[in-house]
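Peer 1: Let me begin by handing over the structure; questions about it come next.
FYI, it's all coordinate maths here, none of it is from the lab. All values reported here derive from a predicted model rather than from experimental measurement. Because the Cβ atoms are built from the backbone with ideal geometry, glycine has one as well, and the counts that use them run over all protein chains shown.
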Amino acid sequence: MIVQACINGARPRDFHPRLPLDAQAMASDAAACVAAGAGELHIHPRGADGRESLAAVDATVLAVRRACPGTLVGVSTGAWIEDDVARTRAAIAGWRELPDYASVNLSEPDAPAVMELLRQRGVGIEAGLATIADAERFVSLADHSQVLRILIEIDIQDLSAALDEAHGIAAVLERAEVRRPILLHGVDATVWPFVQLAHQKRWSTRVGLEDGKTLADGTVAKDNAEIVAAAVAIFRSA
């Protein structure tokens with residue numbers, strides 16, 4: 001069980017005043033999150049224009065590793081980042097500073113090919129499942145056991161519906177006898193209920209400005225480290 005810090009995601013600049021948007025800001029923020037108890041880091045590198053970029057992975061991962069030696073660093077491969085299958089594959093194939101792992105959304109058509117490319121490059125895979133249909137697609141893949149972990153990542157804002165989807169995904173994995181670690185996370189309204197559920201299930205979780213900017217009481221957190229510290233406190237409770 002770990003708390004993974006997701007420090008920026010696709011959030012716009014005005015989402016929060018402490019949103020890290022360049023390599024050095026991400027490195028500094030990541031170090032603060034690790035000091036607050038984060039076991040791993042999930043980052044969305046940005047180019048000089050502040051937009052997400054797979055081409056920015058090398059510089060960003062290197063900066064974060066220097067600031068957080070020994071901490072696993074992961075990135076997103078979301079199709080929206082390059083918005084082109086060929087550019088996405090070319091960017092991943094060209095990485096020189098390989099992340100420890102990368103998340104792949106099973107809702108995206110090219111997901112199996114991206115997963116295979118990551119395997120060829122020696123990068124661990126977080127298989128992102130947002131729906132029961134994603135889970136069914138995942139377990140149908142012949143090489144589904146060759147992933148680092150499963151992300152159950154629900155963006156439904158109605159808590160009851162979100163819980164139903166999460167439990168449905170877990171049921172598909174159970175029926176298929178998938179024995180990989182699970183990391184559960186919600187977005188905005190479901191972040192803290194899902195942290196609690198992950199704690200109860202003995203799954204990992206993730207928190208940070210990618211997923212939401214408030215603490216469990218609804219107040220806006222001052223930064224990623226404060227969010228991480230709150231989640232770590234829950235995980236360390238009885």
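Peer 1: What do you get for Rg/Rh of segment 32-149 when both radii come from the Cα atoms and Rh is the Kirkwood radius?
Peer 2: 0.97
Peer 1: Any idea what the dipole of the chain comes to, in debye rounded to 20, about its Cα centre with Lys/Arg Cβ at +1 and Asp/Glu Cβ at -1?
Peer 2: It comes to approximately 740 debye.
Peer 1: Quick one: what Rg and Dmax do you get for segment 76-200 from the alpha carbons, in Å?
Peer 2: Using the Cα atoms of segment 76-200, the pair Rg, Dmax is 14.6, 43 Å.
Peer 1: So if I take the alpha carbon set of the chain, get Rg, then get Rh from the Kirkwood formula, what is the Rg over Rh ratio?
Peer 2: We get a ratio of 0.94 for the chain.
Peer 1: Mean-square fluctuation check for the chain, GNM, Cα pairs under 10 Å: which of VAL73, VAL139, VAL61 is largest?
Peer 2: VAL139
Peer 1: Here's another thing I want to ask about it. Pick from ALA102, ALA91, ALA130: which is most flexible by mean-square fluctuation in a GNM of the chain where alpha carbon atoms under 10 Å apart are linked?
Peer 2: ALA91
Peer 1: With the Cα gyration tensor of segment 128-238 in hand, give its eigenvalues times 5 under a square root as the equivalent ellipsoid semi-axes, listed largest first in whole angstrom.
Peer 2: 26, 14, 12
Peer 1: Also, quick follow-up: What percent do you get for the relative contact order of segment 3-236 when only Cα pairs under 8 Å and 6+ apart count? Spell out each step's value before the answer.
Peer 2: On the way: 460 pairs, mean separation 49.2, N = 234.
This gives 21 percent for segment 3-236.
Peer 1: Highest mean first, how do 36-44, 159-167, 200-208 rank when packing is the count of other Cβ atoms within 10 Å averaged over residues? Working shown, then result.
Peer 2: Details: 36-44: 24.8, 159-167: 16.2, 200-208: 21.9.
By packing density, highest mean first, the sequence is 36-44, 200-208, 159-167.
Peer 1: Could you check the simple spin-label distance between LEU159 and ARG236, using points 7 Å along Cα→Cβ, in nm with one decimal?
Peer 2: Each label point lies 7 Å from its Cα, and together they span 2.5 nm.
Peer 1: Okay, moving on. In whole angstrom, how long is each semi-axis of the equivalent ellipsoid of segment 1-41, when you take the square root of 5 times every eigenvalue of its Cα gyration tensor and sort them from largest down? Intermediate results must be reported in sequence, preceding the final value.
Peer 2: On the way: eigenvalues 71, 25, 12 Å².
The three semi-axes for segment 1-41 are 19, 11, 8 Å.
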